[in-house]
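Asks: Have a look at this one.
Bear in mind these aren't lab numbers, they're just calculated from the coordinates by the rules spelled out. Because the structure is predicted, anything quoted here is derived from the model rather than measured. Methodologically, a virtual Cβ is constructed for each residue, glycine included, from the backbone with ideal geometry; neighbour enumeration extends over all protein chains shown.
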Amino acid sequence: MPSAASDPPAGGVLYVVATPIGNLEDITYRAVRVLREVDLIAAEDTRRTGNLLRHLGIEPRRIVSFFEGNEAARSEELAGELAGGARVALVSDAGTPGISDPGQRLVARALEQGSRVEVVPGPAAVVTALVASGLPSDRFLFLGFPPRKPGARRELFAQLRREPATLILYEAPDRAAATLADLAAALGEERPAAVARELTKLHEEVLRLPLGELAAELARSPRRGEHTLVVAGAGDEVEAPEVDLETAVRELLAQGLGPRDVAARLVAQTGVARRRIYQLALSLARADGAAD
């Protein structure tokens, strides 16, 4: 008799199903079968998924929305369905759910209650862009969408100056040029990089240029569609900046800058976290004030 530890998890099954990122031919036989057989499909956009299902000749038993705005509540509802024995397929607008798309919360909730989770692998823009870029793929760091606020974005990039892994980011078309400019300022204008857009679609484009040239090209000629940015990791030539942080902070304070401005000025130069610089500047400003 098998032990309890070897028994399959109770309840239904959550299938995390990857769908095409552009070309509708990029779907697996297994994904089609699962989408046809499950009791319920949870979709980031029911209309978009409905179009895919019609293309595949699938009439779903049930389909419900599952997006960022209702992810928490819907995860609990779907966990209840799974506990009752339902077979649930989770799909996003494109690619693999949970990769910069809703899904991780539901997967964690399903595992927590003992439901079985099966991933039906398939397309992902992050891997497609990495391979198409021609940059090293043996080690990479996926950053998702970078912060929208310029200060937070520049701080993040400054901290990655010496990261040896290839960097991959997603970015909206209206922010792509600014993000590339910030990457160039933090990592160097000559750092090899690529921008991939409209992947697997008719107008697929992969621009392979140094960061500075990519930033200038997209500023001059903006493109449509979600962009995937791929940036080479740091080589041995990248060294830690020779900056005495306390001295640099004192010099800027002496010029009349406040702690917040000091932090903003030094974060890109040093790669040190903004909060750490701010706290140091605040402490030194208070000490100097007390000494006066």
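Asks: Just to check I understand the Karplus step: with θ = phi - 60° and J = 6.51 cos²θ - 1.76 cosθ + 1.60, what whole-Hz values come out for segment 129-134, glycine and proline as x?
Replies: 5, 4, 5, 5, 5, x
Asks: What's the magnitude of the charge dipole for the chain around its Cα centre, counting Lys and Arg as +1 and Asp and Glu as -1 at the beta-carbon? Answer in Debye, nearest 20.
Replies: The calculated dipole for the chain is roughly 620 debye.
Asks: Taking the Cβ of R197 as the center, what net charge do the other residues with Cβ under 14 Å away carry, scoring Lys and Arg +1 and Asp and Glu -1?
Replies: -2
Asks: Scan around V120 for amide H atoms under 5 Å from its own, H built in the peptide plane at 1.01 Å from N, and keep only partners 5 or more places away or cross-chain.
Replies: V16, V17, A18
Asks: Compute the acute angle (0 to 90°) between the alpha-carbon long axis of helix 176-187 and the principal axis of greatest extent of the alpha-carbon atoms of the chain; round to the nearest 10°.
Replies: Its long axis makes an angle of about 50 degrees.
Asks: Could you give each residue of segment 118-126 its phi-based ³J(HN,Hα) in whole Hz, using Karplus coefficients 6.51, -1.76, 1.60 with θ = phi - 60°, and x for Gly or Pro?
Replies: 10, 9, 9, x, x, x, 8, 4, 4
Asks: What does the charge add up to near G122, with Lys and Arg as +1, Asp and Glu as -1, over the other residues with Cβ less than 11 Å from its Cβ?
Replies: So the surrounding residues net to 0.
Asks: Scan around A89 for amide H atoms under 5 Å from its own, H built in the peptide plane at 1.01 Å from N, and keep only partners 5 or more places away or cross-chain.
Replies: Y15, L40, I41, A42
Asks: First select every other residue whose beta carbon is under 14 angstrom from the beta carbon of N51; then total the charges, Lys and Arg +1, Asp and Glu -1.
Replies: Summing Lys and Arg as +1 and Asp and Glu as -1 gives -1.
Asks: Per residue of the chain, what 222 nm ellipticity follows from adding -39500 (n - 2.57) for every DSSP H run with n ≥ 4, rounded to the nearest 500?
Replies: -13000 deg cm²/dmol
Asks: Karplus couplings for segment 58-71 from phi (6.51 cos²θ - 1.76 cosθ + 1.60, θ = phi - 60°), rounded to Hz, Gly and Pro as x?
Replies: 10, 9, x, 5, 8, 9, 10, 7, 8, 9, 4, x, 10, 4
Asks: Size of the dipole of segment 152-276 about the Cα centre, Lys and Arg at +1 and Asp and Glu at -1 on the beta carbon, nothing else charged, in debye to 20?
Replies: Computed charge dipole of segment 152-276: roughly 520 debye.
Asks: Still on this structure, I have one more. For segment 175-226, build the charge dipole from Cβ charges (+1 Lys, Arg; -1 Asp, Glu) around the Cα centre, then report which of G225, A194, A178 sits farthest towards its positive end.
Replies: G225
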